[in-house]
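The values are calculated or read from the model by the stated rules, or taken from the named source; none is laboratory data. Small disclaimer: the values here were computed from a predicted structure and weren't measured. A quick note on method: Cβ atoms are made from the backbone with ideal geometry, for glycine too, and the neighbour counts reach across all protein chains shown. The accessibility values were calculated without ligands, DNA or RNA, using every heavy atom of the protein model including side chains. Shrake-Rupley method; radii C 1.70, N 1.55, O 1.52, S 1.80 Å.
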Amino acid sequence: MGGSIFLQVNNEPLLDKRLTGWVMDIKTRLPKCRICIITNGTLLNVEKLREMAHLVDELVVNDYSEEYKLSPNIKELYYYIRHNKAEFKNIEILIARRYSKEILATRAGAAPNKPHKNNRVNSSCIYPFTDMIVFPDGKVGMCCNDCFEVTSFGDLNEENIFDVWENDKFAELRNRMAKGRNAYSFCVECDVVDAGSRERVIKNQKNRCQRGSTTS
């Protein structure tokens, strides 16, 4: 089984001391799966970074600040990586400077820092076709923009992950989303249009479809 597992939704993953154990378990059970972590970096140090280099495939550090410079601990990590490149040859690391007061997407209309919603975006969203979001309690939500965890598409404590992915709720969501996000009430005010790393999924799926049509 391929694909990617991101070990966070709207939380800081390094707060959980069980993280390393989970990563090791995933690598054992799903060796072909790409493991990714997104962190704000406040708990990240050289020791933790070196540990991750042997466990994680991708690490994204969002360094939030009001100034156009790296935080002291992130700056230390940056120079350590530059001077020890061989140690990090098997991990993709992105350090992104982020403005701490930036106004992000509407989070499906729930973001308190964006009072003026943009509900003119009616393009379809790729998330229901590529992502499964599992909340800390094992419940399956619609997508990462459900920051208050109000949607419910299944419960992995009681159901098989493949059964949830193919259930009637997801099927209805995808059928409506194919017509545009205005066709699904939760998504009407959502202005997220970035596919991000999902572009790789789209490309792979397109290639598989093309190979299938060639051989048929």
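Only one of the listed residues (ILE38, ILE95, ILE81) is more than 18 Å from PRO136 (Cβ to Cβ), open to solvent by 40 Å² or more (accessible area, probe 1.4 Å) and modelled with pLDDT of 95 or more. That residue is ILE95. Every test in (1) at pLDDT below 95; (2) of a type in the set (A, V, I, L, M); (3) touching a strand residue (DSSP E or B) at 6+ places or on another chain (Cβ under 9 Å) is passed by LEU49 save one, and that test is (1). I'd like to check something: does the range 110-119 contain any residue that is surrounded by fewer than 16 Cβ atoms within 10 Å (Cβ to Cβ) and of a type in the set (Gly, Ala, Ser)? No, every residue in the range 110-119 fails to be surrounded by fewer than 16 Cβ atoms within 10 Å (Cβ to Cβ) and of a type in the set (Gly, Ala, Ser).
Yes/no matrix, rows are residues, columns are (1) more than 25 Å from PRO72 (Cβ to Cβ); (2) touching a residue at least 12 places away in the same chain (Cβ under 8 Å); (3) out of contact with any strand residue (DSSP E or B) (no Cβ under 7 Å at 6 or more places or on another chain):
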| residue | (1), (2), (3) |
| --- | --- |
| PHE6 | yes, yes, no |
| ASN11 | no, yes, yes |
| LEU15 | no, yes, yes |
| ARG18 | yes, no, yes |
| LYS32 | yes, yes, yes |
| ILE35 | yes, yes, no |
| GLY41 | no, yes, no |
| ASN45 | no, yes, yes |
| ALA53 | no, yes, yes |
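Pick out the one residue from LEU94, LEU104, LEU59, LEU49 that is more than 19 Å from the chain's Cα centre (by Cα) and hydrophobic (A, V, I, L, M, F, W, C). Lay out the reasoning, then the answer.
Details: LEU94 fails: more than 19 Å from the chain's Cα centre (by Cα); LEU104 fails: more than 19 Å from the chain's Cα centre (by Cα); LEU59 fails: more than 19 Å from the chain's Cα centre (by Cα).
One residue alone meets the criteria, LEU49.
Do we find a residue being under 23 Å from PHE6 (Cβ atoms), touching a Cys at 6+ places or on another chain (Cβ under 9 Å) and hydrophobic (A, V, I, L, M, F, W, C) anywhere in the range 60-79? Looking for residues that are under 23 Å from PHE6 (Cβ atoms), touching a Cys at 6+ places or on another chain (Cβ under 9 Å) and hydrophobic (A, V, I, L, M, F, W, C), one finds at least one in the range 60-79, hence yes.
Which members of the range 20-30 meet the condition of being in contact (Cβ under 8 Å) with a residue 24 or more places away in the chain and open to solvent by 40 Å² or more (accessible area, probe 1.4 Å)?
Residues of the range 20-30 that are in contact (Cβ under 8 Å) with a residue 24 or more places away in the chain, as a first pass: 20, 23-24, 27, 30.
Answer for the range 20-30, where residues must be in contact (Cβ under 8 Å) with a residue 24 or more places away in the chain and open to solvent by 40 Å² or more (accessible area, probe 1.4 Å): MET24, LYS27, LEU30.
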